[in-house]
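**Student:** I am attaching a structure below and will ask some questions about it afterwards.
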Amino acid sequence: MARILITEDDPLMLRMYQKIFTLEHYDVDTATNGEEALEKVRMNKPTLILLDIMMPKMNGLQTLDKLKANPDTHILPVVMLTNLAGQQDAEEALLKGAVKYIVKSEHDPKQIVDMVKEILAGYTRNAVPTAVSPDEPAK
């Protein structure tokens, strides 16, 4: 089962996303700032990270930088989930390695879950080993 780390400093939003992903049968872990998120990633090895930008201690873009600079975490898919609708923020996050930039106010929680499912399905497909022909030895 996929483990989702939701990093959000607004307690109501955090509980709402935690509840909906739990109802969709995901293991859910939470963090309220970037420093806590990095610690949870190290300890619990999530499958995907939902990361808010505006947070105390370490914002989402700084957290994303640290995740992508670390050889142990650079391949983790990170989805920016924020209320910042600026094109510059979205471009910066995607250039830094986020796989998607979602503006919370433009999507209901079910749509966000569906987007996460699509992202995880894509990562699962990429992880499928290639077929080996019958006369070729397995690698």
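**Student:** Take segment 1-59 and flag every residue that is of a type in the set (G, A, S) and closer than 26 Å to E92 by Cα.
**Tutor:** Matches in segment 1-59: A31, G34, A37.
Conditions tested, residue by residue: (1) among the aliphatic types (A, V, I, L, M); (2) closer than 16 Å to L120 by Cβ; (3) in contact with a strand residue (DSSP E or B) (Cβ under 8 Å, 6 or more places away or on another chain).
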position	(1), (2), (3)
L38	yes, no, no
M43	yes, no, no
T47	no, yes, yes
D65	no, no, no
N70	no, no, no
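**Student:** Considering A69, A90, which residue is within 20 Å of E106 (Cβ to Cβ), of a type in the set (A, V, I, L, M, F, W, C), out of contact with any helix residue (DSSP H, G or I) (no Cβ under 8 Å at 6 or more places or on another chain) and surrounded by fewer than 23 Cβ atoms within 10 Å (Cβ to Cβ)?
**Tutor:** Of A69, A90, the one residue that is within 20 Å of E106 (Cβ to Cβ), of a type in the set (A, V, I, L, M, F, W, C), out of contact with any helix residue (DSSP H, G or I) (no Cβ under 8 Å at 6 or more places or on another chain) and surrounded by fewer than 23 Cβ atoms within 10 Å (Cβ to Cβ) is A90.
**Student:** Run T7 past the list (1) surrounded by fewer than 20 Cβ atoms within 10 Å (Cβ to Cβ); (2) modelled with pLDDT of 95 or more; (3) β-branched (V, I, T) and report the number of the one that doesn't hold.
**Tutor:** Single failed check for T7: (1).
**Student:** In segment 72-87, which residue that is of a type outside the set (G, A, S) and farther than 18 Å from V41 by Cβ is surrounded by the fewest Cβ atoms within 10 Å (Cβ to Cβ)?
**Tutor:** Q87
**Student:** Given the conditions (1) surrounded by fewer than 19 Cβ atoms within 10 Å (Cβ to Cβ); (2) within 18 Å of P109 (Cβ to Cβ); (3) without any contact (Cβ under 8 Å) to a residue 60 or more places away in the chain, and given that I49 satisfies all but one, which numbered condition is not satisfied?
**Tutor:** The single condition I49 does not satisfy is (1).
The values are calculated or read from the model by the stated rules, or taken from the named source; none is laboratory data. Given the structure is predicted, the values throughout are model-derived calculations rather than measurements. Cβ sites come from the backbone with ideal geometry, for glycine too, and all protein chains shown count toward neighbours.
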